[in-house]
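The values are calculated or read from the model by the stated rules, or taken from the named source; none is laboratory data. Just so we're clear, the structure is a prediction, and the values are computed from it rather than from any experiment. Reconstructed Cβ throughout: ideal geometry from the backbone, glycine too, with neighbour counts over all protein chains shown. Just so you know, the surface numbers come from the protein's heavy atoms only, side chains and all, with ligands and any DNA or RNA stripped out. Shrake-Rupley method; radii C 1.70, N 1.55, O 1.52, S 1.80 Å.
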Amino acid sequence: MATFRSVNPARPADVVGEFPVHGPGDVDEAVARAGAAQRAWARLPIPARADVIAAAGAVLARDKARLTDLVAQEAGKILVEAGGDVQEAVDMAAFVAGQGRSAWGATVPSELGDKLCWTTRHPVGVVGLITPWNFPVAIPSWKIFPALLAGNGVVIKPSEHAPACCEAFVAACVEAGVPADLIRVVHGTAEPAAALAVHPGVGAVSFTGSVPTGRKVAAAAMESGPRVVSLELGGKNAMVVRPDADLDLATDGAVFGAFGTAGQRCTSTSRLIVHPDVAGELVDRIVKRAAELRLGDPRDAATDVGPVITAPSAERIAGMVAGAVGEGATVATGGEAATADGCEGGAFFAPTVLTGVRPDHTVARQEVFGPVLAVLEVADLDEALDVVNGVEYGLSAAVYTRDIATALGAVDRIDTGIVYVNAPTIGAEIPLPFGGTKHTGNGFREAGTRGIEQFSQVKTVYVDYSGRLQKAQIDTHPLDEEGR
Ligand code: NAD
C-alpha cells in the first residue's frame, strides 16, 4: 500500500509518522466494521455511553503534556495554543458526557386527553467525518464525542497534515473503553474523503475545512442519496474598533486574533475596520507588536508565532499580499516569507499588517488563512457594519466600544454565527454553539447542546391511551355552522 509522511512544519526533515494512503476498498471495510460495532454500542444505555466518553476525557487529561507536544510538532501550533487544543477535547468530553445524563428530548402536553407526546433521539448509524489540520485534536473531539453519545459508529478521515494527532485521540478513546471497531480512521487526501462522503453505509457526513472542498463534499454526498451533510467552513472575520474603544484592549485583541496560530484559525481576525480618529494610533501599536513577535520552533516556550502548515501555504499567502499591494494596499509590516533560527526548511510567514485596504479588495473578501491583518478605515457605524456583513462568509466578528448602545446594536446587526464584544474573534467556549452563517456553513452548529443534532435523528412519539379514535385539530376545533 502507498504511504505518505506527516512532517513537522517547522522542520520538515523531522518526520512525525508514515501513514497508509487508503482507497475506496479500505473505506468500505472501515464503514462495515464501524457499522457492525455500532449495533451493540447503540443498545447500551446512554449514561453508559457517556461514562466511556468521560473516561476518554480523563485519558486525554492524563496525557495532556504528550498530546500538546504532538500537536505542536505536527500542526506547528505554539505550546500554549496546542495545550488549548487538547484542553478543548477534555472539556468537550466532560460536556458531552454530562449530556448523557440530562434531557434527551422534549415532553410536550397533548391537545387531546389521555394522550402523551414526546421526542427522543436515535443514532444515524455510521457517521463519516472529514477534518482539517488546524485543530487536530479539538475538531475530532467536537464530532466524535457527540456522535458516540448519540449511539453511532464513526469513520474519520483526518487531514493529511495531522494524521498522528487524530490517531492519538482515537487511541485515547479506545483505551477508555470505546470498542476499537467503533471508530475507524482512514488516511489520505481527497480519494478516501470523497469515498466516505458518498458511501451508502454512511448516514451522516460532517465536514470541517475550506469552502471549495466543502462544496465538493456536499455536492457529491447529496448526489449519492439524501443524507445529513453538515459543513463548517472558512471565515473572513472582522474586528470593528469605534473611536471610544479601549485601545490597549483592542491592540491585545487584534494581535492575538490576527497572529495567534499564525492566522490559521477559521476565526482568525483578518479585517480591522477602524474609525479614522483612532486608526493611526491603533495601527502603530499593532504594527509595533507584530514586528516584535518571535517566530520560531513552536515547541520552544519562547516562541510567539509558529510556521504556517506547508511551503505552498506560505507561497499562497505571499501571493495574496502581493495581490493586495497590486490593488492599492500598503504593507505596514511583514508581507513576506520568513525564516526562524533552528527551523531549517520551515514555512514561516512574517506577521503582516496591510493598510489602505478597501472593501472591494480581494484581501478584504477572501480568506487568507495566514498571519495577515487588513486594515480598513470606516467612520460611520452603519457603513462599518455593512463592511463586516459584505462578504460571503459569516463565522465570527468583534466590536470594540465602551458604549452599550453601539455594542448591542452591532450584536443585533452583525450577520455572523458568533459575535464578541471587547474580545477578539477567537475564543469560543464548549457549552455554546459554534458555527457560521452564509457560506461558512449550512445551518448546523457544533458544540453546545446543538452539537448532537447532526449525529442523531429525532423521533416524535404519540401514545393515545383513551381507547377511542381522537383526531388532532379536528376534535379540538370542530367546524361551526358557518364552516369556520
Ligand atoms: P481543506 O479543505 O484543505 O481540507 C479539509 C479536509 O478535506 C482534509 O481532511 C482534506 O484531506 C480533505 N480533502 C481535501 N480534498 C478533498 C476532496 N476533494 N474531497 C473531500 N475531502 C477533501 O482545509 P484545511 O486546509 O485542512 O483547513 C483549513 C480550512 O478549514 C480553512 O478554510 C478554515 O477556515 C477551515 N476551518 C473551519 C472551521 C469551522 O469550524 N468553521 C474550523 C477549522 C478550520
Positions within the range 447-462 being open to solvent by less than 80 Å² (accessible area, probe 1.4 Å), over 21 Å from residue 112 (Cβ atoms) and among the aliphatic types (A, V, I, L, M), in sequence order: 447, 452
The range 397-413 residues that are within 17 Å of residue 237 (Cα to Cα) and open to solvent by 30 Å² or more (accessible area, probe 1.4 Å), paired with ones that are of a type in the set (A, V, I, L, M, F, W, C) and assigned to a helix (DSSP H, G or I) (beta carbon under 9 Å, 6 or more apart): 413/385; 413/388
When residues of the range 303-351 are limited to those that are in contact with a helix residue (DSSP H, G or I) (Cβ under 6 Å, 6 or more places away or on another chain) and of a type in the set (Val, Ile, Thr), the one farthest from the ligand (Cβ to nearest atom): 333
Matching residues in the range 413-464 - criterion: being acidic (Asp, Glu) and more than 29 Å from residue 373 (Cβ to Cβ): 453, 464
Meets criteria (on the phi < 0 side of the Ramachandran plot, at pLDDT 95 or above and part of a helix (DSSP H, G or I)) for residue 254: yes
Out of 172, 164, sole residue that is of a type in the set (Gly, Ala, Ser), open to solvent by less than 20 Å² (accessible area, probe 1.4 Å), more than 8 Å from the ligand (Cβ to nearest atom) and in contact with a strand residue (DSSP E or B) (Cβ under 9 Å, 6 or more places away or on another chain): 164
Elements of type helices (runs of 4 or more DSSP H) in the range 46-110, at least 3 residues being modelled with pLDDT of 95 or more and exposed (fewer than 15 other Cβ atoms within 10 Å of the Cβ): 46-62
Only listed residue being of a type in the set (Lys, Arg) and closer than 28 Å to residue 80 by Cβ, chosen from 184, 265: 265
Scope the range 424-433; condition of a type in the set (A, V, I, L, M, F, W, C) and either at pLDDT below 95 or closer than 21 Å to residue 407 by Cβ (or both); matching residues: 426, 428, 432
Some residue of the range 95-107 being more than 16 Å from the ligand (Cβ to nearest atom), over 23 Å from residue 150 (Cβ atoms) and either out of contact with any strand residue (DSSP E or B) (no Cβ under 9 Å at 6 or more places or on another chain) or among the aliphatic types (A, V, I, L, M) (or both): no
Test: residue in the range 151-161 that is more than 16 Å from residue 95 (Cβ to Cβ), more than 11 Å from the ligand (Cβ to nearest atom), of a type in the set (S, T, N, Q) and modelled with pLDDT of 95 or more: yes
